[in-house]
Amino acid sequence: MKAFASLAAALLMGTAAVAQTNWDMATPYPDSEFHTRNIQQFAQDVSEATGGDLNITVHSGASLFKHPEIKRSVQNQFVPMGEVLMANLFNEDPIFGADNIPFIATTYDEAKALWDAQRPLVEEKLAEDGIRLLYAVPWPGQGFYTNKELTSGSDLEGMRFRTYNATTARMAELMNASPTTIEAVEIPQAFSTGIVDAMVTSGATGVNTKAWDFTDEFYDLQAWMPKNMIIVNEAAFSGLPEEQQQAILDAAAAAETRGWEMSEEVAQSSVATLGENMTVRPVPEALVSALEEVGQTMAQEWAESVGEEAQAILDAVN
Ligand code: PCA
């Protein structure tokens with residue numbers, strides 16, 4: 001009888017252990033970044049909706065996998081879920097880079113129209129690699145941080161420019177600056193060791209890295225709004241009970257709406273914070289027109305590499 005009772009207890013415990021699934025999630029940006037806060041809320045929503053049966057532990061700041069490894073890690077199921085800057089996958093397929101070209105989409109409405117047109121193609125590409133897209137959220141518009149005043153595009157000439165992927169490096173190159181790709185978490189160190197003396201990023205990342213500690217000027221160009229995407233390994237996802245799959249999809253839809261709102265709020269608040277700590281200059285016309293020209297070259301190069309699907313995306317924002 002005693003033996004039977006302990007067997008029953010062991011079975012019960014066994015069942016409980018099976019019912020609870022613990023997932024890790026690899027993300028590239030720090031805890032304080034609004035994207036990460038949004039993901040934490042997403043994970044909490046999933047846990048609550050599943051009564052604690054599915055727990056997602058968020059490993060932020062590239063602590064589990066380096067940013068360039070996150071997509072492949074999800075693909076190979078080293079980790080079931082992750083976050084990646086979509087345009088970083090440009091080298092796998094240029095469709096991922098549509099939101100990284102200067103002046104194609106510069107407002108939240110335009111970014112939304114671009115995303116609506118781009119999304120099915122992104123989903124299709126990821127599906128080929130056994131990955132499901134859950135949601136995507138844009139960064140606020142991108143601007144330049146420098147240590148000297150910019151009056152025209154040619155002032156960027158020779159600047160050691162921090163970029164974050166191949167597309168931003170191409171932009172820096174076309175502005176005759178000299179690009180070095182550096183992850184957001186490594187920005188302060190790159191400046192303090194003198195690897196770079198200028199950078200492109202949003203007000204959000206400027207505030208998070210305390211850009212005023214190593215640059216003097218911010219130019220709020222709002223030139224493009226690259227998106228982060230949250231992805232899940234399809235086999236891992238479809239291996240979950242249906243209620244848990246649904247909980248993830250519901251939490252993802254909520255996170256997408258919430259994330260776009262957070263982005264818009266941070267776009268305002270971050271520029272205000274920068275203004276309290278460093279010089280936020282009105283953007284000089286000559287700088288805008290130089291970057292517009294670069295944007296046209298990049299749009300052309302991008303459209304050629306994508307092929308006929310590019311036009312539908314460009315039309316969506318025009
Ligand atoms: N912050 C990220 C990507 C774009 C942004 O605003 C970065 O600078 O790496």
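The values are calculated or read from the model by the stated rules, or taken from the named source; none is laboratory data. Here the structure is a predicted model, which means the values were calculated and not measured. Every residue, glycine among them, receives a Cβ derived from its backbone with ideal geometry; neighbour counts consider all protein chains shown. These area figures cover heavy atoms from the full protein model, side chains too; ligands, DNA and RNA do not enter into them. Shrake-Rupley method; radii C 1.70, N 1.55, O 1.52, S 1.80 Å.
At-a-glance table
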read-out: Test item: Cα-centred dipole of the range 64-194, Lys/Arg +1 and Asp/Glu -1 on Cβ, debye; value: 280 debye
read-out: Nearest-0.05 FRET efficiency for Ala235 and Thr180, computed from C-beta distance (R0 41 Å); value: 0.65
read-out: Using θ = phi - 60° and Karplus 6.51 cos²θ - 1.76 cosθ + 1.60, couplings along the range 176-189 (whole Hz; Gly, Pro as x); value: 6, 8, 10, x, 9, 7, 9, 5, 3, 5, 9, 4, x, 5
read-out: Assigned charges on the beta-carbon of Lys, Arg, Asp, Glu; the chain dipole about Cα centre (debye); value: 1020 debye
read-out: Cross-link pairs beyond the 27 Å C-alpha cut-off, checked among Lys66/Lys148; Lys66/Lys125; Lys125/Lys227; value: Lys66/Lys148
read-out: Listed residue (Tyr164, Ile230, Ala62) projecting farthest to the positive dipole end of the chain, Cβ model; value: Ala62
read-out: Residues with amide H under 5 Å from that of Leu64, placed H, sequence gap 5 or more; value: Thr27
read-out: Within the range 90-225, percent of DSSP bridges classed antiparallel, to nearest 5; value: 55 percent
read-out: Debye, to nearest 20: dipole size of the range 33-123, +1 on Lys, Arg Cβ, -1 on Asp, Glu Cβ; value: 260 debye
read-out: Rounded to the nearest 10 Å², the accessible area of Arg281 at probe 1.4 Å; value: 80 Å²
read-out: Length released on extending from Ala312 to Thr257, taking residue separation times 0.36 nm less the Cα-Cα span; value: 17.4 nm
read-out: Overall dimensions of the chain as given by Cα atoms, namely Rg and Dmax in Å; value: 21.6, 87
read-out: From phi via Karplus (6.51, -1.76, 1.60), per-residue ³J(HN,Hα) for the range 99-110 in Hz, x at Gly/Pro; value: 8, 10, 9, x, 6, 7, 9, 10, 10, 5, 5, 5
read-out: Long-range amide H partners of Val280 with built H, under 5 Å; value: Phe218
read-out: Tilt relative to the chain, helix 2-19 - C-alpha long axis, 0 to 90 degrees, to 10; value: 20 degrees
read-out: Dimensionless Rg over Rh [the range 32-173; C-alpha; Kirkwood]; value: 1.01
read-out: Point-to-point label distance, Glu293-Glu128, nm (Cα→Cβ direction, 7 Å offset); value: 3.6 nm
read-out: Nearest-0.05 FRET efficiency for Gln40 and Asp93, computed from C-beta distance (R0 22 Å); value: 0.15
read-out: Förster radius 41 Å - calculated FRET efficiency between Lys148 and Gln75, Cβ distance, rounded to 0.05; value: 0.45
read-out: Amide H partners (placed H, <5 Å) of Asn228, local residues excluded; value: Met86, Val137, Trp139
read-out: Length gained when the stretch Glu265-Ile195 is fully extended (0.36 nm per residue, less Cα-Cα span); value: 22.0 nm
read-out: C-alpha long axis of helix 34-49 to longest principal axis of the chain, angle in °; value: 20 degrees
